[in-house]
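The values are calculated or read from the model by the stated rules, or taken from the named source; none is laboratory data. Computed from a prediction, not measured in an experiment: that's the story for all the values here. Note: ideal-geometry Cβ built from the backbone for every residue, glycine included; neighbour counts use all protein chains shown.
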Amino acid sequence: MTDTAVSLPPPAERGRLDIRDEVVQRIARRAAAGQSDTHRVTGVGRLLDTDLPRARVSIQAGHVRVAVTVAAQWPTPVVTLAQRVRDAVTQQIQDYTGLTVSGVEVEVRCTTRADRPTRRVR
């Protein structure tokens, strides 16, 4: 039996890898949720499709545009939070997919107060 070397075509000619929009959306949502001061909103939101954080993506020719909606706890500085979310979403999409992120829009839809113990009447 003899060993024969198999020559493969160049990587660009072997095929392609398609990354679905849903995968990039999930990466963006998790990146946004991982930032401190974001607040997860669920419950009735599942019925109304308003669970937060939420992401929409558009992928064209290897470039991604992302729109992320998050909720924050009061009194979070919204501008600082938006920049942290933008940076995390960009970094994680590029790291996990190799796609180029050409823009990330961040919307802070609502703010909620951190849970406080309620006072009880004695």
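Could you list all residues from segment 70-102 that are in a strand (DSSP E or B), touching a helix residue (DSSP H, G or I) at 6+ places or on another chain (Cβ under 9 Å) and at pLDDT 95 or above?
Thr100, Val101 - these are the residues of segment 70-102 that are in a strand (DSSP E or B), touching a helix residue (DSSP H, G or I) at 6+ places or on another chain (Cβ under 9 Å) and at pLDDT 95 or above.
Would you confirm whether any residue within segment 10-29 is surrounded by 15 or more Cβ atoms within 10 Å (Cβ to Cβ), in contact with a Lys or Arg (Cβ under 9 Å, 6 or more places away or on another chain), of a type in the set (A, V, I, L, M, F, W, C) and at pLDDT 85 or above?
Yes; the residues of segment 10-29 include at least one that is surrounded by 15 or more Cβ atoms within 10 Å (Cβ to Cβ), in contact with a Lys or Arg (Cβ under 9 Å, 6 or more places away or on another chain), of a type in the set (A, V, I, L, M, F, W, C) and at pLDDT 85 or above.
Go through segment 11-27 and give me each residue that's of a type in the set (A, V, I, L, M) and assigned to a helix (DSSP H, G or I).
The answer is Ala12, Val23, Val24, Ile27.
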